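Here's the structure, in structure tokens; my notes come after.
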Amino acid sequence: MSDSQTTTLQAHHHHDPSLLVQFDTAYQQKDASQFGMWVFLITEIMFFGGLFGAYLIYRNLYNPAFVAASTSIAIKWGAINTAVLICSSLTMAMGVHSAALGARKLLVFWLGATLVLGSVFLGIKGIEYYDKYTEHHIPGANFDFNYDRAEKGEKLVPADVATQTSIFFALYFAMTGMHALHMIIGAGILVFLIWRAYHGAYPPHHYTMVENFGLYWHFVDIIWIFLFPLLYLVSRSPVH
Amino acid sequence: MLPQYFPLFPESASTMSTRVDALYFFILGITIFFTMLVALLILVFATKYRKEKHPVPVQIHGSIPLEIFWTLVPLGIAMVIFAWGAVLFFQEMHPPKSAMDIYGVGKQWMWKFQHPGGQREINNLHVPVGKAVRMTLISQDVLHSFYVPAFRAQMDVIPGRYTTVWFEATKPGTYHLFCNQYCGTKHSGMVGEVTAMSPDDYQEWLRGAGAFGSLATEGQKVFASMGCPTCHTGADNARGPNLYNLYGRMVRTEDNRTALADEGYIRESILNPSAKIVYGYQNIMPTFQGQLNEDEMIQIIEYVKSLTYNGQLLQLQTNTQQEPPVNLNKIQQGIDVTKPGTNQNPVPRTSAVPVQEEAVPATPSTPPGKQNAPKQPRGAAPQAKPNGSQVEQR
Amino acid sequence: MSTATQTSLALEMPSDTYLNSSYGVKSWFLTGDHKRIAVMYIVSISLMFLLGGVFATLVRLELLTPAGDLFQSDTYNKLFTMHGVVMIFGFLVPSIPVTIGNFLIPIMVGARDLAFPKINLASWYIYIIGMIFMLAAIISGGVDTGWTFYTPLSTQYLTTHVMFTAIGILIAGFSSIFTGLNFIVTVHRMRAPGMTWFRLPLFVWSNYAASIIMVLGTPVLAITLILVALERGLHIGIFNPALGGDPVLFQHMFWFYSHPAVYIMILPGFGVISEIIPCFARKRIFGYSAIAFSSIAIAVFGFLVWAHHMFIAGISTYSALIFSFVTFLVAIPSAIKVFNWTATLYKGSIHFDTPMLYALAFIGLFTIGGLTGLFLGAIGVDMHVTATYFVVAHFHYVMVGGMLVAYLAGMHFWWPKMTGRMYPEAPAKLSALIVFIGFNLTFFPQFILGYMGMPRRYHSYPPEFQVLNVLSTAGASVLAVGLLMPMFYMLWSLKYGEIAGNNPYRATGLEWQTTSPPPTHNFHETPIVTQEAYDYESQTEEVEVVG
């Protein structure tokens, strides 16, 4: 180490205003940002992992209740939302591509399209939540799984199973709610990005922000790709 | 005189306590050895190689053989402790077959105990010396922990789930009983005493403790008042499975799994009947959630446990004879249990007749259809069923 | 050893440091400088430590007598709960990483700052917001769940400020996640030329290992607390047995974070000790890679042992066996470290400066703390001692005897680097001695109490436990004196301490090659590293040159 006192490297401070002082090169800056984003996404995986873990444990404990509750969710909305979200990932990817090409207007367009699709997703989620509210499927004091099932011509489930379905719905709301929260935060960031992109803040050599947000958006998409089958699909045809 | 006021070691009053102490002293020996070793090395090095005496240090990078040595030796010792601790744990988890049962219910902030003979105690527990006691414990509210230091016996007491712990007292005396899982304001007041008595004294105490009736007979009353015998007739082709010799057996369920019929299984079957449907039966039993307190649940379990062919025989049929059987007119065969309007309301306490007559699929008077014909359970021993093809169900 | 006094040259404070580069409140509260943020953290966590210490003192005072005569039961329950919550989430979890780590990691790897200075500042603000929630809970009446928040007590039964506290911890958790993220990226992407992984100081390795746990474990705590808040606020039943929930699942999720969290607390302490011992033994550390890899091994195995807190919580016999087995495995890397530190002393040239005294105390106390973990890992014995004062003693031997002592060692060691001035040696040595005596007197009796079966969290206790409790309380007052002393003499030294010079201990490591205190961007020129860490051979030669 004593050598390092004599051998030193002249710190190169670029005059590029987008290069932060702690970084030596633009590549290092971009690389560090992206690496940081991946680490952040790992923490997100652990965050949702706790919910997935709870889901798997309770599904194993209360399989009949999970089958009954899962079957009661409108698969139509879930399927549409899956399609909407996959499309939004496509538009996001197009946005990143446009940023790389330096096409400012295209970037704004694709980000805008992503925002619209994200909002459609949240709107549909709202409809679903409202349906759950009218069906008394929101856990709490008014929860009654069999509330209007008879009128709708659906099988009533035994009372003990009906009680346990509240656990499914608690997890349903926790999981989709946390996912929706991530969507809302994402939409907020998107508004900011669109505004900045419109003002030309993301030139081709400096669009890490757009790229990192793309990673985040795809991650939120992937979480849904796991939520959709777990909550809507797997119990539709009970295996025996 | 000093130890009386200043004890440094807990009393040892159970068969397990000496075994736990043995491992404790073994680990203590290792702890002292290694602490002394490290302390001694530090002191010796600090003296011998202090800067005044040893001004020029010798640079050493390390030594792979040494690293391997002090990885493998602690690993070996750790494995010995692990194995010893595991063996001990198995002994702690598996009571002897001859163990007697005592039930305990924890609530904020007291302990309630029930002896099989029906004797009840609060914050006091009387046990015989020289006989293994298996405690079956449950909480009415939050987590508690049943802890008798002199017996080295501890187990969490959990709401909604039975846990067990066993001990065999070796010397008469009075010992601390602590709640050792923080349970709210008066946690430190949730203490009691365990009194270990000679078997004769214990018998005398049992006689004097004023029982109203054994847990099993109390359980039989609860069983009848809940209307259970209507379906669990014990007869061939009954709507509910035969409960004779159920306890301790492996039960085959509708989805072809097996479950051990222990206390937890019986409890689950009463509160959460849909969880495990006995093979060949239908999911028609209502839940009794909220209708039985933990004491009554224990009594019913003790009653079900008493239903043996070779032991004391309590005739189920006698209870049902006073009450009218199911309204036969309404009996339909192969009815869908999840049909609207059925099976939603639990049986009221007062009524001996199930409310959901419509849903009742089969009685002895109706020839069993394919769907509800009892099948021979795989797990049930044939000699346990003198009535032929009875299967247990709820 | 050779402090500034031995150098005949009169030392001057450097003219251009991170402390005097700019002035004003804004220059601190909007700073991106990791060193300033570290200083802000030192002030904040010291305040939390004082608060937690006050609660601890009151708890020990109550336990002087068997009867619960000083406080009401619910007050006592609040005191031990708030002692735990404040100490763990306000002090122990952040402690070394956010202070010494924040200050040193960029310098040690030869960077001008952490990778994300704004996120670093944000994490301080997040920590402060979390603490405000916690303080709000305390001021508005406190919380009495115990720091473990076991359900259903915390969700269904208590009427105290559980929500505020849970939200405070949740928020503070995000601070921890961002710190870990920053460290990981910095270590991966910001190392100076020539600073290969195996030239990194072991302090960096151990903080890196702790960061992995922060990043992987804390989110699980976050979601667990969110579920607790939902359950408590909206009366839904995820952990509520009355609604079919499983209270034991809460314990699984809680300990999935909270067991690895003790490694978040202790691993950086290992790092501090690994820096100090070679410096004051004037000697290369023994078994560098063994110590480095054992940190990573602890981080990995630490995630697989959580259920050893739950051996009697109704988990299955076989899963208990597996968790017990892995628990014994995780003990081995700690043993390896202790042996390597001890071996480093062999044939050294040992100087007994205050940091070294603390470090030697650490080895001894951590050895006891670690070995007493064996009692708890052995399930057969754990069934007797779990949740008793034995656990309290074990935990405090690791956390106070280990982590806090390491923190004090590190604060003394790097104090001249942070402030440019030396701490006063004589009172510092005295305080180290008082801490060592007071600590052992406080917590050693608790091992005996625990094996005798005294449950923890007891407001009143049977009279035969009194003598040991009195000893413990007496020890606590000695310990309190020992811990308060540094607060005074450290503050004193800010103005009157001797000027330290760049490298008062002639230590290796990049942090000693820049000025004390360092300039805003740490180095005037980016260093190029050509040597392994702990190259005390070259430093020793210098000694002969200097005389």
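The values are calculated or read from the model by the stated rules, or taken from the named source; none is laboratory data. Note that the structure is a prediction, hence the values are computed from the model and not measured. Note that we place each Cβ from the backbone using ideal geometry, even for glycine, and neighbour counts take in every protein chain shown. Areas reflect the complete protein model, heavy atoms only, side chains present, ligands, DNA and RNA absent. Shrake-Rupley method; radii C 1.70, N 1.55, O 1.52, S 1.80 Å.
For B:F113, indicate whether it is within 11 Å of another protein chain (Cβ to nearest Cβ) and either in contact with a helix residue (DSSP H, G or I) (Cβ under 7 Å, 6 or more places away or on another chain) or outside any loop (DSSP other than H, G, I, E, B) (or both). Considered against the rule, which asks whether it is within 11 Å of another protein chain (Cβ to nearest Cβ) and either in contact with a helix residue (DSSP H, G or I) (Cβ under 7 Å, 6 or more places away or on another chain) or outside any loop (DSSP other than H, G, I, E, B) (or both), B:F113 comes out as no. Take B:S17 and tell me if it is in a loop (DSSP other than H, G, I, E, B) and open to solvent by less than 50 Å² (accessible area, probe 1.4 Å). It is false that B:S17 is in a loop (DSSP other than H, G, I, E, B) and open to solvent by less than 50 Å² (accessible area, probe 1.4 Å).
Out of everything in the stretch B:61-75 that is farther than 23 Å from C:E532 by Cα and facing chain C (nearest Cβ under 7 Å), what residue ends up being surrounded by the most Cβ atoms within 10 Å (Cβ to Cβ)? Restricting to residues being farther than 23 Å from C:E532 by Cα and facing chain C (nearest Cβ under 7 Å), the top hit is B:P74.
For the stretch C:220-232, the criterion of being of a type in the set (D, E, K, R), open to solvent by 10 Å² or more (accessible area, probe 1.4 Å) and within 29 Å of C:Y125 (Cβ to Cβ) is satisfied by at least one residue. Of the strands (runs of 3 or more DSSP E) lying entirely inside the stretch B:127-236, those containing at least 1 residues that are under 22 Å from C:P462 (Cα atoms) are B:144-148, B:153-157, B:173-179, B:191-197. Here C:Y423 fulfils each of the conditions (1) in contact with a Phe, Trp or Tyr (Cβ under 8 Å, 6 or more places away or on another chain); (2) part of a helix (DSSP H, G or I); (3) buried (at least 23 other Cβ atoms within 10 Å of the Cβ) apart from (2). Give me the residue from the stretch C:465-477 that is free of Cβ contacts under 8 Å to residues at least 60 places away in the same chain and crowded, with 18+ Cβ neighbours inside 10 Å and, out of that set, farthest from the other protein chains (Cβ to nearest Cβ). Looking at residues that are free of Cβ contacts under 8 Å to residues at least 60 places away in the same chain and crowded, with 18+ Cβ neighbours inside 10 Å, I get C:G475. Looking at the stretch A:213-230, can you tell me whether even one residue there is surrounded by fewer than 15 Cβ atoms within 10 Å (Cβ to Cβ), part of a helix (DSSP H, G or I) and among the aromatic types (F, W, Y)? Yes, the conditions are met somewhere in the stretch A:213-230. Count of the stretch C:304-320 residues, restricted to those that are open to solvent by less than 10 Å² (accessible area, probe 1.4 Å), in a helix (DSSP H, G or I) and farther than 16 Å from C:H384 by Cβ, is 1. Taking the stretch C:102-213 and the helices (runs of 4 or more DSSP H) fully enclosed by it, the elements with 1 or more residues that are within 20 Å of C:V529 (Cα to Cα) and free of Cβ contacts under 8 Å to residues at least 40 places away in the same chain are at C:162-189.
Taking the conditions (1) touching a strand residue (DSSP E or B) at 6+ places or on another chain (Cβ under 8 Å); (2) within 14 Å of another protein chain (Cβ to nearest Cβ) in turn, C:G420 satisfies each one other than (2). Restricting C:A172, C:A122, C:A137 to residues that are over 28 Å from C:F303 (Cα atoms) and away from every other protein chain (no Cβ under 11 Å) narrows the list to C:A137.
Scanning the stretch A:115-173 for residues that are in contact with a helix residue (DSSP H, G or I) (Cβ under 6 Å, 6 or more places away or on another chain), open to solvent by 50 Å² or more (accessible area, probe 1.4 Å) and over 30 Å from A:T91 (Cα atoms) turns up just one, A:I138.
Within the stretch C:495-520, the residues that satisfy the criterion of being outside any loop (DSSP other than H, G, I, E, B) and touching a helix residue (DSSP H, G or I) at 6+ places or on another chain (Cβ under 9 Å) are C:I499, C:L510, C:E511, C:W512. Residue-level check: of (1) more than 10 Å from chain B (Cβ to nearest Cβ); (2) out of contact with any Pro (no Cβ under 8 Å at 6 or more places or on another chain); (3) of a type in the set (F, W, Y), C:F301 misses just (2). The set of residues in the stretch C:344-360 being open to solvent by less than 20 Å² (accessible area, probe 1.4 Å) and more than 7 Å from chain B (Cβ to nearest Cβ) consists of C:T344, C:D353, C:T354, C:P355, C:M356, C:Y358, C:A359.
Counting only residues that are touching a helix residue (DSSP H, G or I) at 6+ places or on another chain (Cβ under 9 Å) and either within 14 Å of C:E532 (Cα to Cα) or among the hydrophobic types (A, V, I, L, M, F, W, C) (or both), the stretch C:192-225 holds 23 of them. Comparison of A:G50, A:G118, A:G102 shows that the only residue that is under 28 Å from C:T224 (Cα atoms) and modelled with pLDDT under 95 is A:G50.
Yes or no: B:M190 in the same structural domain as B:T136 (by TED's automatic domain parsing), out of contact with any Asp or Glu (no Cβ under 7 Å at 6 or more places or on another chain) and open to solvent by less than 30 Å² (accessible area, probe 1.4 Å)? For B:M190, the condition - in the same structural domain as B:T136 (by TED's automatic domain parsing), out of contact with any Asp or Glu (no Cβ under 7 Å at 6 or more places or on another chain) and open to solvent by less than 30 Å² (accessible area, probe 1.4 Å) - is met. When the stretch B:138-162 is limited to residues that are within 7 Å of chain C (Cβ to nearest Cβ) and more than 14 Å from the chain's Cα centre (by Cα), the one that is surrounded by the fewest Cβ atoms within 10 Å (Cβ to Cβ) turns out to be B:D141.
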